[in-house]
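Undergrad: Handing you a structure now.
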Amino acid sequence: MSKNILVISASLRNGSNSDMLADEFMRGALESGNKAEKITLRGKCINFCKGCLACQKTGKCVINDDMAEILPKMQQADVICFASPVYFYDMCGQLKTFLDRTNPLFPAEYNFTDIYFLITAADTEQSASEGPLKGMQGWIDCFENAGLKGVVCGLGAEKPGDVKSMPAMNEAYMLGKQA
Ligand SMILES: Cc1cc2nc3c(=O)[nH]c(=O)nc-3n(C[C@H](O)[C@H](O)[C@H](O)COP(=O)(O)O)c2cc1C
């Protein structure tokens, strides 16, 4: 059955490794006949959550920025795949800011059940992904119908494009194909 798949790519850098994994996930997802869209946070205006909690009553954020058009897409997606570089052994700040701004979805009806996470790091140790995974799991735990269905780590990817020659590319493609 065709699914509605949304990929959120968080790196802002030219020739981003995590964005390359996101593209491979997209390629697999589309090849399997799904409807898939990738949104990059590059060039997007996404401000910090103010913590006012108005959204918990109104369903809408008081901040008027690019999050307004992304939230309905998240709400309607069956599958959401996030891609992030590791920054200081955590997910990058722009993805954390993005996740904080999903608070209007917390009391809302939403479709997504399957979450995927694509991570790149310069470090070659698997432990480099622990921080980002803990943060992402914290977000997922707040959406009780959702679960983490797959993770790809592009480790040892330092310079732009380093991930291209790594098995992580095919892993991301295969994950997208079976998503
Ligand atoms: C601000 C900053 C912090 C970083 N911190 C880490 C880190 O803690 N551990 C690590 O392995 N790599 C770290 N890196 C390297 C990136 O994770 C790595 O280059 C990754 O491939 C970048 O992904 P991207 O090309 O998708 O942005 C850091 C890079 C930047 C710019």
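Undergrad: Go through Lys3/Lys73; Lys73/Lys164; Lys35/Lys96; Lys35/Lys177; Lys96/Lys164; Lys44/Lys177 and tell me which ones have a Cα-Cα distance over 21 Å in this structure. Display every interim value, and only then the final one.
TA: On the way: Lys3/Lys73 13 Å; Lys73/Lys164 29 Å; Lys35/Lys96 26 Å; Lys35/Lys177 12 Å; Lys96/Lys164 25 Å; Lys44/Lys177 28 Å.
Flagged as over cut-off: Lys73/Lys164; Lys35/Lys96; Lys96/Lys164; Lys44/Lys177.
Undergrad: Still on this structure, I have one more. Please list the three semi-axes, largest first and in whole Å, of the ellipsoid equivalent to the chain, using sqrt of 5 times the eigenvalues of its alpha carbon gyration tensor.
TA: On the way: eigenvalues 129, 70, 41 Å².
Taking √(5λ) for each eigenvalue gives 25, 19, 14 Å, largest first.
Undergrad: Just how large is the dipole of the chain about the Cα centre, in debye to the nearest 20, putting +1 at every Lys and Arg Cβ and -1 at every Asp and Glu Cβ? Please report the intermediate quantities before stating the final value.
TA: Details: 18 positive and 21 negative charges, 94 e Å.
With Lys and Arg at +1 and Asp and Glu at -1, about 460 debye.
Undergrad: Turning to a different aspect of this structure: Can you spot the aspartates and glutamates whose alpha carbon is less than 14 Å from Lys60's alpha carbon? Ignore those fewer than 8 places along the same chain.
TA: Lys60 reaches Glu69, Asp100, Glu109.
Undergrad: Using a 1.4 angstrom probe on heavy atoms only, work out the carbon and sulfur share of the accessible area of the chain in %. All intermediate terms of the calculation are to be shown ahead of the outcome.
TA: Working: 4560 of 8870 Å².
Answer for the chain is 51 percent, counting heavy atoms of protein chains only.
Undergrad: What share of all Cα pairs of region 1-86, in percent, falls into each consecutive 5 Å distance bin?
TA: Binned Cα distances yield the sequence 3, 13, 21, 20, 18, 13, 8, 3, 0.
Undergrad: With each label point set 7 Å from Cα along the Cα-Cβ vector, what nm distance links Lys50 and Thr124?
TA: Label at Lys50, label at Thr124, 4.9 nm between them.
Undergrad: Return the inverse of the average 1/r over all pairs of distinct C-alpha atoms in region 49-152, which is the Kirkwood hydrodynamic radius, in Å to one decimal.
TA: On the way: mean 1/r = 0.0694 Å⁻¹.
Answer for region 49-152: a Kirkwood hydrodynamic radius of 14.4 Å.
Undergrad: Springs between alpha-carbon pairs under 10 angstrom, Gaussian network model over the chain: which of Ile80, Ile115, Ile46 fluctuates most?
TA: Fluctuation is largest for Ile46.
Undergrad: Right, another one. Say a site is exposed when it is one of the chymotrypsin sites (Phe, Trp or Tyr not before Pro), sits in a DSSP loop, and has at most 14 other Cβ atoms within 10 Å; what is then the longest site-free stretch of the chain? Working shown, then result.
TA: On the way: sites that count: Phe48, Phe88, Tyr89.
Between the exposed loop sites, the longest stretch runs 90-179.
Undergrad: Another question, then. Rolling a 1.4 angstrom probe over the protein chains, ignoring ligands and nucleic acids, what is the accessible area of Lys96 in square angstrom, nearest 10?
TA: Counting only protein heavy atoms, Lys96 exposes about 100 Å² to solvent.
Undergrad: Rounded to the nearest whole Å², what accessible area per residue is found for region 98-179 with the 1.4 Å probe?
TA: 47
The values are calculated or read from the model by the stated rules, or taken from the named source; none is laboratory data. Quick caveat: nothing in here was measured; it's all calculated off a predicted structure. Glycine also receives a Cβ, built like all others from the backbone with ideal geometry; neighbour counts cover every protein chain displayed. Ligands, DNA and RNA are excluded from the accessible area calculation, which covers all protein heavy atoms including side chains. Shrake-Rupley method; radii C 1.70, N 1.55, O 1.52, S 1.80 Å.
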